[in-house]
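Below: the structure, in structure tokens.
The values are calculated or read from the model by the stated rules, or taken from the named source; none is laboratory data. None of the values given here were measured: they were computed from a predicted structure. No Cβ is skipped: glycine too gets one built from the backbone with ideal geometry, and neighbour counts run over all protein chains shown. Accessible surface is based on the protein model in full, side chains and every heavy atom, while ligands, DNA and RNA are left aside. Shrake-Rupley method; radii C 1.70, N 1.55, O 1.52, S 1.80 Å.
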Amino acid sequence: MEETKEGLTCKGVAERLTLGITRVLESMPGVMDVRFVEREPAEKRCLLSWEQKNTCVLPEDLRDFYLTTDGFTLTWSAKLENESVPLGCMVLNGVANLRPLCQSSSVFSLPNAPSLADLDWDEEQVEESECGLVEPHFDSRSRIFELDPCSGNGKVCLVYKDCTEGVVAQKCEVWFLDRSLYWHYLTPSFTAYYRLMITNLGLPEWQNAFTPYGPSPQAKQWASLYQPLSFHCEPSMADLTGDPPVNKLDPSKAFRGKAKLPAPKKKQSAQGGMGGTAKGQGSSGRHSGGRR
């Protein structure tokens with residue numbers, strides 16, 4: 001009885017943590033293999049150690065999140081012609097993987113090899129993003145930590161701006177760094193980004209919707225299928241050149257397996273049968289005449 005109560009309690013915590021998105025996904029056509037990885041809460045000493053090591057204070061909402069679960073992973077697949085295709089992926093790094101972005105990952109790098117900090121060659125240069133906010137810097141003016149690897153399509157980062165060496169940074173924002181190393185503003189807090197991630201169902205390249213170029217055509221196709229209410233396909237340069245727009249798919253037909261048609265039966269033609277009968281009669285008549 002106690003084990004049953006514990007199981008129901010854990011299920012309720014997971015349901016609240018995922019905001020009920022697992023039930024929503026399972027009710028969608030073609031969605032299968034929805035998996036949510038449950039993790040133990042992070043220890044307070046690990047959070048304090050991270051703050052002392054990186055000279056930053058974790059925001060209250062992110063701290064509460066880590067005290068509930070040390071990271072977040074939810075994946076799901078889509079059924080396409082009787083095959084399972086991995087599609088949705090929601091990932092938030094745990095405390096141990098919340099590492100500085102500019103930290104060197106290779107011990108074999110050359111001494112004079114360029115780094116990300118070299119992109120900020122002008123210390124007085126201040127650039128603004130599309131939303132009018134000052135972009136983060138790769139040098140000591142900002143402290144950047146990887147929050148979501150985005151399956152290799154970029155990085156969602158927790159960014160502390162206007163930092164001073166030796167001074168504890170407190171205020172942070174969430175930004176998206178694309179593969180061209182350009183910054184794009186997402187949300188002012190971790191809670192806002194978490195809700196945004198859940199709303200977008202972890203679809204491929206959903207963060208690129210906050211960039212001027214937008215997601216790829218294939219990602220737009222998946223978004224138009226699973227997010228018909230919230231997905232807005234903005235006209236791009238490809239649309240202006242006359243390329244066809246995103247196709248509209250019918251879920252009942254897109255995820256229906258190929259049915260094997262029965263082999264057609266061979267029918268004997270009536271003309272051939274009558275000809276054979278007439279031939280047989282003619283042959284019988286000749287034999288009869290011979291006997292006479």
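A few notes on this one:
- Residues Glu51, Glu81, ordered by accessible area of protein heavy atoms at a 1.4 angstrom probe radius and largest first, appear as Glu81, Glu51.
- Dipole size of the range 139-194 about its Cα centre, with +1 on Lys/Arg Cβ and -1 on Asp/Glu Cβ: approximately 40 debye, rounded to the nearest 20.
- When the residues Lys155, Lys44 are ordered by accessible surface, computed with a 1.4 Å probe over the protein chains alone, the sequence from largest down reads Lys44, Lys155.
- Along each principal axis, Cα extent of the range 134-231, largest first, Å: 49, 27, 21
- Order of exposure, largest accessible area first, which applies to Arg99, Arg63 with probe 1.4 Å: Arg99, Arg63
- Isotropic mean projected area of the C-alpha convex hull, the range 30-90 (nm²): 5.1
- Inter-site label distance for Glu60 and Leu196 at 7 Å from Cα along Cβ, in nm: 2.2
- Lys79 - accessible surface, heavy atoms, 1.4 Å probe, Å² rounded to 10: 80
- Packing around the peptides 183-190, 36-43, taken as the average count of other Cβ atoms within 10 Å per residue, puts them in this order, highest first: 183-190, 36-43.
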